[in-house]
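Working notes, beginning with the structure itself.
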């Protein structure tokens with residue numbers, strides 16, 4: 001019998017192979033075994049996953065990727081875990097939308113939005129958590145934990161529920177209700193911390209040292225961070241195996257920004273796309289912009305700040321990957337832009353009103369940042385540009401509740417027409 | 001005995017002050033510098049502290065009160 005399409009797919013999806021070699025220090029280059037570790041014992045620099053790219057290149061192909069699932073797991077060969085054992089709630093392969101209306105408003109003919117706000121727990125965090133949760137289970141942990149201003153908490157709780165693991169999530173006590181409920185619904189142990197931002201941070205570091213939990217952003221961080229590379233892979237694949245001229249990305253710890261860049265370069269080194277010429281643009285809210293401040297001061301020193309911003313998901317005052325984000329900007333010929341706080345909501349509204357995409361405050365930072373970049377002439381009208389929208393607006397309803405201005409009417413046609421006329425006059 | 005890994009960030013006016021020496025003299029804490037970058041406008045030092053847990057806490061409180069920012073070695077552990 002002739003081979004069917006499904007036989008072919010089966011051949012392409014040969015048994016998963018892990019191409020992970022070791023963990024490697026990003027500062028001094030020392031190597032470590034693949035364990036729940038995030039800091040180099042010698043210089044205390046951050047660790048990241050090192051791969052055998054030669055072996056990977058012999059297996060990975062466009063056809064093999066295309067035959068994979070319609071999720072970020074189609075790139076499993078480039079990730080530090082196997083899909084067969086994945087804690088999977090179907091993260092990724094989110095829409096890349098051509099945005100003519102928004103483009104017209106901004107003066108861009110070739111604008112796309114990567115809409116990652118439609119992930120299962122409504123933010124890009126599902127990409128990183130699915131990898132970290134899978135690795136944590138592989139290491140034998142029974143508890144996932146994190147400290148979060150919202151999105152990560154939701155995603156960790158959701159993945160723990162799916163995996164049958166326990167979840168402990170730490171949040172600042174004054175967090176937006178949408179994010180609190182969005183995490184609590186999965187029934188984690190929710191710890192609301194009364195204290196300043198620095199105190200929450202310090203407590204969580206100490207807890208991580210004292211409890212045998214997989215703390216997503218601490219002891220399994222090297223694996224966690226790798227999930228963000230799929231934001232680079234997907235955009236390249238969805239653009240027809242090429243990278244954009246410009247990528248505009250929100251910046252908090254700086255990790256996602258560097259991993260998108262890494263994703264583009266891995267695709268290039270594997271021969272899946274040509275040379276990467278993308279300029280990487282990082283955007284932060286003015287109330288928490290330590291990476292932008294370093295960029296503007298022309299230094300690689302990121303001076304920690306105390307966050308005071310409406311964009312709480314970007315409120316990272318001491319960004320762990322700040323220096324690496326600056327290096328990415330330098331290598332790519334990109335920029336860093338701080339968006340005034342009063343323009344954040346305007347950015348959210350502009351995206352919603354032109355393209356029907358409701359993003360959270362971090363997305364407002366990206367759209368307003370994009371507007372600044374066009375006005376400054378950093379992005380030309382005909383250049384292929386992708387703006388990354390990484391969180392859903394339903395999580396930060398408080399930021400935009402002023403948009404609710406209903407036309408009030410009694411339930412009869414006459415009253416309705418009168419109310420409409422009054423609205424038109426006002 | 002406890003071990004703590006921390007990062008000190010010095011503002012410009014404290015860069016020339018011997019804070020780490022004074023910390024070692026004033027508290028029963030062993031300081032072990034692993035990485036540092038100190039310049040005219042700013043400086044940071046990553047170090048390991050060994051000592052009694054309460055003594056480490058007291059020493060870090062003194063450092064923070066001196067005007068030096070004290071953070072966990074891996075930056076903010078809280079995420080969006």
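For this structure, a couple of remarks:
- Condition met for residue A:169 (within 14 Å of another protein chain (Cβ to nearest Cβ), closer than 17 Å to residue A:122 by Cβ and in contact with a strand residue (DSSP E or B) (Cβ under 8 Å, 6 or more places away or on another chain)): yes
- Just one of the numbered conditions (1) in contact (Cβ under 8 Å) with a residue 60 or more places away in the chain; (2) over 26 Å from residue B:42 (Cβ atoms); (3) more than 13 Å from chain B (Cβ to nearest Cβ) is not true of residue A:342: (1).
- So residue A:240, is it surrounded by fewer than 19 Cβ atoms within 10 Å (Cβ to Cβ) and within 13 Å of chain B (Cβ to nearest Cβ): no
- Screening region A:27-55 for residues that are surrounded by fewer than 18 Cβ atoms within 10 Å (Cβ to Cβ) and closer than 27 Å to residue A:271 by Cα and picking the one that is nearest to the other protein chains (Cβ to nearest Cβ) gives A:29.
- Helices (runs of 4 or more DSSP H) within region A:38-116 that include 2 or more residues outside the structural domain of residue A:219 (by TED's automatic domain parsing) and without any contact (Cβ under 8 Å) to a residue 12 or more places away in the chain: A:53-59, A:100-106
- If the condition is being within 11 Å of chain B (Cβ to nearest Cβ) and within 12 Å of residue A:329 (Cβ to Cβ), then region A:278-297 contributes only A:294.
- None of A:145, A:133 is more than 14 Å from every other protein chain (Cβ to nearest Cβ) and not in a loop (DSSP other than H, G, I, E, B) except A:133.
- Here residue A:185 meets each of (1) more than 10 Å from every other protein chain (Cβ to nearest Cβ); (2) within 18 Å of residue A:218 (Cβ to Cβ); (3) surrounded by fewer than 24 Cβ atoms within 10 Å (Cβ to Cβ); (4) free of Cβ contacts under 8 Å to residues at least 60 places away in the same chain with one exception, condition (2).
- Strands (runs of 3 or more DSSP E) wholly inside region B:15-74 that include at least 2 residues being more than 10 Å from every other protein chain (Cβ to nearest Cβ) and within 12 Å of the chain's Cα centre (by Cα): B:29-38, B:43-51
- The one condition in (1) more than 12 Å from chain B (Cβ to nearest Cβ); (2) touching a residue at least 24 places away in the same chain (Cβ under 8 Å) that residue A:201 fails to fulfil: (1)
- Only one of A:385, A:390, A:409, A:337 that is closer than 30 Å to residue A:26 by Cα and free of Cβ contacts under 8 Å to residues at least 60 places away in the same chain: A:337
- From the options A:373, A:351, A:314, residue that is crowded, with 24+ Cβ neighbours inside 10 Å, in contact (Cβ under 8 Å) with a residue 12 or more places away in the chain, more than 26 Å from residue A:38 (Cα to Cα) and touching a strand residue (DSSP E or B) at 6+ places or on another chain (Cβ under 9 Å): A:351
The values are calculated or read from the model by the stated rules, or taken from the named source; none is laboratory data. Being a predicted model, the structure only gives us computed values, none of them experimental. Heads up, the Cβs are rebuilt from the backbone with ideal geometry, glycines too, and the neighbour counts pull from every protein chain shown.
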